[in-house]
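Peer 1: Here's a structure for you.
Rule-based calculations on the coordinates, nothing more; no lab input. Since the structure is predicted, the reported quantities are computational estimates derived from the model, not experimental observations. All Cβ positions, even for glycine, are placed from backbone atoms using ideal geometry, and neighbour counts span all protein chains on display.
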Amino acid sequence: MRIRVEHRTVYRYQPAAKSVLQVLRLTPRSHEGQNVVRWRVFAEADGEVQLRRGEDAFGNITQTAFVQGPVSELTLSVEGEVNTWDTQGVARGTLERFPPMAFLRGSPLTDPSPELEAFADGAGAGSDDVARLHRLMLAINAEIVFDPEPTHAATTAAEAFVLKRGVCQDFSHIFIAAARHLGFPARYVSGHLGREGEQVQQNAGHAWAEAYVADLGWVGFDCANGLSPTAEYVRVAVGLDYLGAAPVRGSRSGGGAEIMDVTLRVSHAALQSQA
């Protein structure tokens, strides 16, 4: 299927900032599960914008936007289409900069608590690796309630597990912490979910996790929805946790309050053309 993504983030600074630097991980790569048909990233501001394409340590495509102020408003826009295929959740043909074992490394956002480790031991018991990970995914889906109110970007896996509530970021961090505890390399994936037959306005992208299974490779697990990624998913960036795959992350010099407004629409190109 063909999925269309339109993403717009507007930053407003009151008073104006002296300068702004933003690193964007908003551009997907082609691999066996998806082919990027066209993709455009651009930036506008009340000052000259320098937008440079690069790659980070994980091989994610980046655009670095720098604006020399005064900057009162910065708009980052993405528009593109991706053809996708169902690979039963297995990510094949992806660019890999590190061996899988590197993703056994913990991070402050994914370090497990004793309670989370005990949960993982029970939910992930068994001898078949794929079955163990699917049981873990379904157990997390049943244990945690989707709720955007109590958590934020800095909420850890251990904190979200205590709350038993969170968003897709929290579900993913909990899975990653549990999978690593069980000995599986695991990582965070940011991207988009475009359900067939829907044209949905969103205020954030989607996130899920991948775990490495010997003789199979990297397999995706979307604990928030209780399934492995299908052709409805667009895979964009990976990292040890959210911070390594954040769609937009940056800093500024000077200025006062910062207001951010995000608009995201994910739809199927066929539906788009009929609308």
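Peer 1: Give the shape of the stretch 129-222 as rounded, prolate or oblate, defined through the alpha-carbon gyration tensor: a ≥ b ≥ c are the square roots of its eigenvalues, a/c under 1.5 means rounded, and otherwise the shape is prolate if a/b is larger than b/c and oblate if not.
Peer 2: Because a/c hits 1.5 or more and a/b fails to exceed b/c, the stretch 129-222 counts as oblate.
Peer 1: Count charges around GLY106 for me, please; just the other residues with Cβ under 14 Å from its Cβ, Lys/Arg as +1, Asp/Glu as -1. Write down the numbers at each step before the final one.
Peer 2: On the way: positive: ARG105, ARG180, ARG187; negative: ASP111, GLU117, ASP241.
Neighbourhood net charge equals 0.
Peer 1: Related question: Taking every pair of distinct Cα atoms and averaging 1/r, then inverting, what Kirkwood hydrodynamic radius in Å comes out for the stretch 1-118?
Peer 2: On the way: mean 1/r = 0.0583 Å⁻¹.
Evaluated on the stretch 1-118, it is 17.1 Å.
Peer 1: Could you state the number of Å between the C-alpha centres of the stretch 1-78 and the stretch 203-274?
Peer 2: 14
Peer 1: Counting only other residues whose beta carbon sits under 14 Å from that of ARG165, what net charge do I get with K and R as +1, D and E as -1?
Peer 2: Summing Lys/Arg as +1 and Asp/Glu as -1 gives -4.
Peer 1: Any idea how far apart ASN83 and ALA131 come out in nm if each label point goes 7 Å out from Cα toward Cβ?
Peer 2: 3.8
Peer 1: With +1 on the Cβ of every Lys and Arg and -1 on the Cβ of every Asp and Glu, and nothing else charged, how large is the dipole of the chain about its Cα centre, in debye rounded to the nearest 20?
Peer 2: Numbers: 25 positive and 32 negative charges, 139 e Å.
About 660 debye.
Peer 1: Which of rounded, prolate or oblate describes the chain when judged by the alpha-carbon gyration tensor and an a/c cut-off of 1.5?
Peer 2: Working: a/c = 1.82, a/b = 1.43, b/c = 1.27.
Prolate, since a/c reaches 1.5 and a/b exceeds b/c.
Peer 1: Sticking with this structure for a sec: Which shape class, rounded, prolate or oblate, goes with the stretch 86-244 when its Cα gyration tensor gives a ≥ b ≥ c as root eigenvalues, a/c under 1.5 marks rounded, and past that a/b bigger than b/c marks prolate? Write out the running numbers ahead of the final one.
Peer 2: Numbers: a/c = 1.38, a/b = 1.05, b/c = 1.31.
Rounded shape, in that the Cα axes give a/c under 1.5.
Peer 1: Take the Cβ-Cβ distance between ASP215 and GLU143 as r, set R0 to 45 Å, and report the resulting FRET efficiency rounded to the nearest 0.05.
Peer 2: Numbers: r = 29 Å, r/R0 = 0.65.
Using R0 = 45 Å, I get an efficiency of 0.95.
Peer 1: So, one more: Multiply the residue separation of ARG8 and ASP111 by 0.36 nm, subtract the distance between their alpha-carbon atoms, and state the gained length in nm to one decimal. Spell out each step's value before the answer.
Peer 2: On the way: separation 103, 0.36 × 103 = 37.08 nm, distance 3.23 nm.
Extra length available between ARG8 and ASP111 comes to 33.9 nm.
Peer 1: Quickly rank 23-30, 110-117 as a protection proxy: mean count of other C-beta atoms within 10 Å, highest first. Don't jump to the answer; show the numbers that get you there.
Peer 2: Values: 23-30: 20.5, 110-117: 17.2.
In decreasing order of mean packing, 23-30, 110-117 become 23-30, 110-117.
Peer 1: For PRO148, what charge total do you get from the other residues with a beta carbon under 13 Å from its beta carbon, if Lys and Arg give +1 and Asp and Glu give -1? Present the calculation step by step, with values, prior to reporting the outcome.
Peer 2: On the way: positive: ARG165; negative: ASP147, GLU149, ASP170.
Here the charged neighbours net out to -2.
Peer 1: Counting only helical runs of four or more DSSP H residues, what would the 222 nm mean residue ellipticity of the chain come to if each run contributes -39,500 (n - 2.57) and the total is spread over all its residues?
Peer 2: On the way: 6 runs with 56 residues, N = 275.
Calculated from helices alone, the mean residue ellipticity at 222 nm is -6000 deg cm²/dmol.
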